[in-house]
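All remarks here apply to the structure that follows.
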Amino acid sequence: MLTRPAILLRAEEAVLLTLTIFAYQHLHCSWLLFALLFLTPDLFMLGYLINTRIGAATYNFAHTLTLALALLLLSYTEHWQQATAFALIWVAHIAFDRLLGYGLKYPASFKDTHLQRIA
């Protein structure tokens, strides 16, 4: 297994998703909010209606952990409960997508990701 990066990456994402859901539950955040917002980052796919370059840029903007983790850190340090919930939902979405093999997009095609070519 240690010589199969695809399995390692998916295992990492499964752990991240599990930890995020555990933290969300531990903080007693709303599961209705979770359900309503879980797919929200996928709205950034609408950039593909313009062209693949903009689509890849907007999708990647919403599917990199940098902004989600920055929001999580800021919301934690400032005690913003609602922003913490948003950040955890965002991280859970990214981890779930990557667990399924949907990685960051290359501008050539929606199906070309950093994890694999989607069939």
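What value, in deg cm²/dmol to 500, does the helix sum -39500 (n - 2.57) over DSSP H runs of n ≥ 4 give at 222 nm once divided by the residues of the chain? Don't skip to the answer; put the middle values down first.
On the way: 5 runs with 72 residues, N = 119.
One gets -19500 deg cm²/dmol as the mean residue ellipticity at 222 nm.
With an 8 Å Cα cut-off and a minimum separation of 6 or more residues, compute the relative contact order for segment 32-113 in percent. If you can, show how the numbers build up before the last one.
Working: 87 pairs, mean separation 27.7, N = 82.
Reported as a whole number, the value is 34 percent.
Take 28-35, 53-60 and order them by the average number of nearby Cβ atoms within 10 Å per residue, most first; the result is 53-60, 28-35.
Taking the chain as the reference, fit the longest principal axis to its C-alpha atoms, fit the long axis of helix 52-62 to the helix C-alpha atoms, and give the angle between the two in degrees, 0 to 90, nearest 10. Here the helix axis deviates by roughly 20 degrees. Other residues with beta-carbon under 12 Å from the beta-carbon of GLU13 carry, at +1 per Lys or Arg and -1 per Asp or Glu, a net charge of 0. Remark: C-alpha extents of segment 41-84 on the principal axes read 39, 16, 10 Å, sorted largest to smallest.
FYI, it's all coordinate maths here, none of it is from the lab. Nothing here was measured: the structure is a model prediction, and the numbers come from that model. Counting neighbours? That spans all protein chains shown, and the Cβs are built from the backbone with ideal geometry, glycine included.
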